[in-house]
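Peer 1: Submitted below is the structure of interest, expressed as structure tokens.
The values are calculated or read from the model by the stated rules, or taken from the named source; none is laboratory data. Remember, it's a predicted structure, so these values are computed and weren't measured experimentally. Neighbour counts run over all protein chains shown; Cβ positions are idealised from the backbone, glycine included.
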Amino acid sequence: MAKPNNNHFEQVVIAGFGGQGIILVGKLLAQAAMKAGKEVTFMPSYGAEVRGGASSCIITIADEPIPSPVVSKAQCVIAMSKAALNKFENTVEQDGLLIMNSSQIDVQPKTDASVSVVKIPIDEIAVRLGSPKVANMVALGAYLQKSGCLSPDLAADCLPDVLAERYHVTIPVNKKALRAGADFVKGL
């Protein structure tokens, strides 16, 4: 799909398996983009089995109205599992960004040589923070820092908007995870 003629247009695919918080982190990215005054579409997709089945979402962020949420090529793919990499690595456009969870992916991607590939031990970073469940936030922090699309701090500010109130106790560790992902890619 052709990009609209505007200043900012970014399509992001986040993929993994059910239980990794793929949909939640996609909602957080969409919420942060809306808070920044951007136009946003969010399309989740997950298998009937939910936990353990394939899970993905597509987020489009733009300065102008988005003509269609359908993505054939994305500026960024965040692959949280090997199956997600196999399914989506060919959707990263030329000069795009591929973020791989090297905790679960031990293969080289088959992408265009122009694609910037970031391998980050997402699961290990989350475990070091004391909560394996924040791996999704580590991945989002890495993407936000590397792409410059939005700030990790803006995403952190939106956590109360997307987390159910009973999970607000996890906001501090989720903020640490966003920062840890961002800090990891700063050093690359």
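Peer 1: So Ser55 fits all but one of (1) modelled with pLDDT of 95 or more; (2) crowded, with 17+ Cβ neighbours inside 10 Å; what number is the exception?
Peer 2: Only one criterion in (1) modelled with pLDDT of 95 or more; (2) crowded, with 17+ Cβ neighbours inside 10 Å is unmet by Ser55, namely (1).
Peer 1: Next up: From the residues in segment 130-154 that are within 20 Å of Gly96 (Cα to Cα) and small (Gly, Ala, Ser), which one is surrounded by the fewest Cβ atoms within 10 Å (Cβ to Cβ)?
Peer 2: Of everything passing the filter in segment 130-154, Gly148 is surrounded by the fewest Cβ atoms within 10 Å (Cβ to Cβ).
Peer 1: Here's a follow-up. Only one of Lys110, Lys146, Lys119 is over 16 Å from the mean Cα position of the chain (by Cα) and within 21 Å of Val12 (Cα to Cα). Can you tell me which?
Peer 2: Of the residues listed, the single one that is over 16 Å from the mean Cα position of the chain (by Cα) and within 21 Å of Val12 (Cα to Cα) is Lys110.
Peer 1: Among the residues of segment 36-47, is any at pLDDT 95 or above, within 18 Å of Gly141 (Cα to Cα) and either surrounded by fewer than 20 Cβ atoms within 10 Å (Cβ to Cβ) or over 15 Å from the mean Cα position of the chain (by Cα) (or both)?
Peer 2: Yes; the residues of segment 36-47 include at least one that is at pLDDT 95 or above, within 18 Å of Gly141 (Cα to Cα) and either surrounded by fewer than 20 Cβ atoms within 10 Å (Cβ to Cβ) or over 15 Å from the mean Cα position of the chain (by Cα) (or both).
Residue-wise test of (1) surrounded by fewer than 23 Cβ atoms within 10 Å (Cβ to Cβ); (2) β-branched (Val, Ile, Thr).
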site: Lys73; (1), (2): yes, no
site: Ala84; (1), (2): no, no
site: Gln94; (1), (2): yes, no
site: Asp106; (1), (2): yes, no
site: Arg128; (1), (2): yes, no
site: Ile171; (1), (2): yes, yes
site: Lys175; (1), (2): yes, no
site: Ala180; (1), (2): yes, no
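Peer 1: State the number of residues belonging to segment 60-89 that are touching an Asp or Glu at 6+ places or on another chain (Cβ under 8 Å) and not basic (Lys, Arg).
Peer 2: The qualifying residues number 12.
Peer 1: Report, by residue number, each residue of segment 162-171 that is more than 27 Å from Leu98 (Cα to Cα) and in a helix (DSSP H, G or I). Working first, answer last.
Peer 2: Start the filter on segment 162-171 by keeping residues that are more than 27 Å from Leu98 (Cα to Cα), which leaves 164-170.
Scanning segment 162-171 gives Glu165, Arg166, Tyr167, His168, Val169, Thr170.
Peer 1: Give the residue, chosen from Ser103, Ser147, Ser151, that is among the polar types (S, T, N, Q) and touching a residue at least 60 places away in the same chain (Cβ under 8 Å).
Peer 2: The match here is Ser147.
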